[in-house]
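All remarks here apply to the structure that follows.
The values are calculated or read from the model by the stated rules, or taken from the named source; none is laboratory data. Quick caveat, the model's predicted, so the values are computed rather than measured. Neighbour counts are summed over all protein chains in view; Cβ atoms, including those assigned to glycine, are modelled from backbone coordinates with ideal geometry. What goes into the accessible areas is simple: the full protein's heavy atoms, side chains included, and nothing from ligands, DNA or RNA. Shrake-Rupley method; radii C 1.70, N 1.55, O 1.52, S 1.80 Å.
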Amino acid sequence: MAANRLLIGGKLILAEGGRVSDVINPATGKAFTTVPDASRGDLEKAIAAAKNAYKTWKKTSFEERAACLKKFADTLKARQSEFAKALTLEQGKPLAFANGEVGGVIRECYNLASENLLKPEVVSEDKRGRVELHYVPRGVVGAITPWNFPISMAANKLFPSVITGNTVVIKPSPHTPLTTVMMGEIAAQAFPPGVMNVLSGGNELGRWIVDHPDIVHITFTGSAATGKNIMKSAAGTLKKLTLELGGNDAAIVMPETNLDEVAPQIFGSAMFNSGQTCVAIKRVFVHESQYEDFVDKIGNIAKQATVGDGTQDGIAYGPMNNEMQLKRIEMLVDDAKKNGGRILSGGERITVPGKEGGYYYPPTMVADLTDEDRLV
């Protein structure tokens, strides 16, 4: 893994000046490899390569693009177990879930390549005339991905962009850059030079991408606060935006609900990926007629959850991905305790034997909160 490289213009290279950043294993809190730390100069080269590649890529047929995507999928499928292990090491999720995420990316590749959905469509046709809808590429896309589903979020941005004739410069989260960098290795062989460019780096790299005048579309998944900043920055060059931001999703449990059936479903939705999911259930409103029964059931389910190193067998929930996220959770739960929140399960950081530096926090259910509490 020490040979990780940027992908710029079809070439796998080191960052300018040989700069690197550590990749932390959240199960141990320690670095296990490094990735390049791209400079402003690296970004300029990548955007120039993407602009140049766009001149010809936009003219290719769907069949030509699909062939590249299938080649990418074939190679990823052959390396699926390797990617799954790397995903668990950098993100923390149990290996079975990591394998499922990589498998989903492979299926997405094949699905996008299987049918041309870009054919012109007749919107209307009558004696006054004919109106057709045509799909055309936009240019260079800047893609910025989060740390909760690093490889699937990268795929969701990369593959729709290139199959529609655009070229891409992608930057993964600095917390989970490894699998995206590894995708660059495959892209170097599957796509013409410059169609996909992969740059790992810090938050300033993301700002440079958003501000760059030669990038016409930004696709970003992350916090609402960062999304607002991107909108402000993009206004100057009238960039197109695709923003997938955080949520505060609620479940409502109505009277006479079968709690034995619903409680496990709500828990599963809330705690999937150790709760690090934008569409996870984060608040539950329960009718007073069943409130205490639901509280008992959801708390008991949470207490039975197995938390630990995702590479070990029998683990349902891995660690938090990064120390910043762990501290945020601790702060929110501590605040809820001070305001009278009833801790049904968890509520304290835990230590896993042999993994004392890991970012472990158990599934935590808190009852008796109000809409004014910070956790809500």
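Solvent-accessible surface of the chain, averaged per residue with a 1.4 angstrom probe and all protein chains in place: 48 square angstrom. Pairs of C-alpha atoms in the chain farther apart than 36 Å represent 30 percent of all such pairs. Between Asp22 and Asp296, take the C-beta separation as r, use R0 = 51 Å, and let me know the FRET efficiency to the nearest 0.05. Working from the Cβ atoms, E equals 0.70.
Using R0 = 41 Å, the C-beta based FRET efficiency linking Thr237 and Tyr110 works out to 0.70.
Using the Cβ of Leu243 as centre and a radius below 15 Å, the other residues enclosed give a net charge of +4, where K and R count +1 and D and E count -1. Figure note: Ile144, Ile252 ranked by solvent-accessible area, largest first, 1.4 Å probe, ligands and nucleic acids not counted: Ile252, Ile144.
Once a ≥ b ≥ c are taken as the square roots of the eigenvalues of the Cα gyration tensor of the stretch 288-345, is the result rounded (a/c under 1.5), prolate (a/b larger than b/c) or oblate (a/b not larger than b/c)? Write out the running numbers ahead of the final one.
Details: a/c = 3.83, a/b = 1.28, b/c = 2.99.
Cα axes put the stretch 288-345 in the oblate bin.
Each Lys or Arg adds one and each Asp or Glu takes one away; over the other residues whose Cβ falls under 13 Å from the Cβ of Arg349, this sums to -2. Work out the FRET efficiency for Asn339 and Phe272 from their Cβ-Cβ distance, taking R0 = 25 Å, and round it to the nearest 0.05. Between Asn339 and Phe272 the formula returns 0.40. Couplings 3J(HN,Hα) of the stretch 163-168, computed from phi: 5, 9, x, 8, 10, 9 Hz, in residue order, whole Hz [Karplus 6.51 cos²θ - 1.76 cosθ + 1.60, θ = phi - 60°; x for Gly and Pro]. For Lys58 and Lys119, the difference between the fully extended length at 0.36 nm per residue and the C-alpha to C-alpha distance is 20.5 nm. Between the amide H of Gln276 and any residue lying 5 or more places away or on another chain, no distance stays under 5 Å, with hydrogens modeled in the peptide plane. Need the list of lysines near Lys45 for cross-linking: C-alpha distance under 24 angstrom, and skip anything on the same chain fewer than eight residues off. Correct list for Lys45: Lys11, Lys55, Lys58, Lys59, Lys157, Lys171, Lys239, Lys240.
Counting heavy atoms of the protein chains alone, Met324 has an accessible area of about 130 Å² for a 1.4 Å probe. In the distance distribution for the stretch 208-248, Cα-Cα pairs more than 15 Å apart total 32 percent. Applying the Karplus relation 6.51 cos²θ - 1.76 cosθ + 1.60 with θ = phi - 60° to the stretch 328-336 yields 3J(HN,Hα) values of 5, 5, 4, 5, 5, 5, 4, 5, 5 Hz, where x marks Gly and Pro.
To one decimal place, what Kirkwood hydrodynamic radius in Å is obtained for the stretch 62-178 from all pairs of distinct Cα atoms?
Working: mean 1/r = 0.0632 Å⁻¹.
After inverting the pairwise mean of 1/r, the radius is 15.8 Å.
In summary, the aspartates and glutamates within cross-link reach of Lys119, defined as a Cα separation below 18 angstrom excluding same-chain residues under 8 places away, comprise Glu63, Glu64, Glu132. Relative contact order of the chain, taken over Cα pairs closer than 8 Å and 6 or more residues apart, is 19 percent. By the rule of a C-alpha distance below 25 Å, with chain neighbours fewer than 8 residues away ignored, the lysines paired with Lys338 are Lys282, Lys297, Lys303, Lys327.
For the chain, the share of accessible area belonging to carbon and sulfur comes to 52 percent (1.4 Å probe, ligands and nucleic acids excluded).
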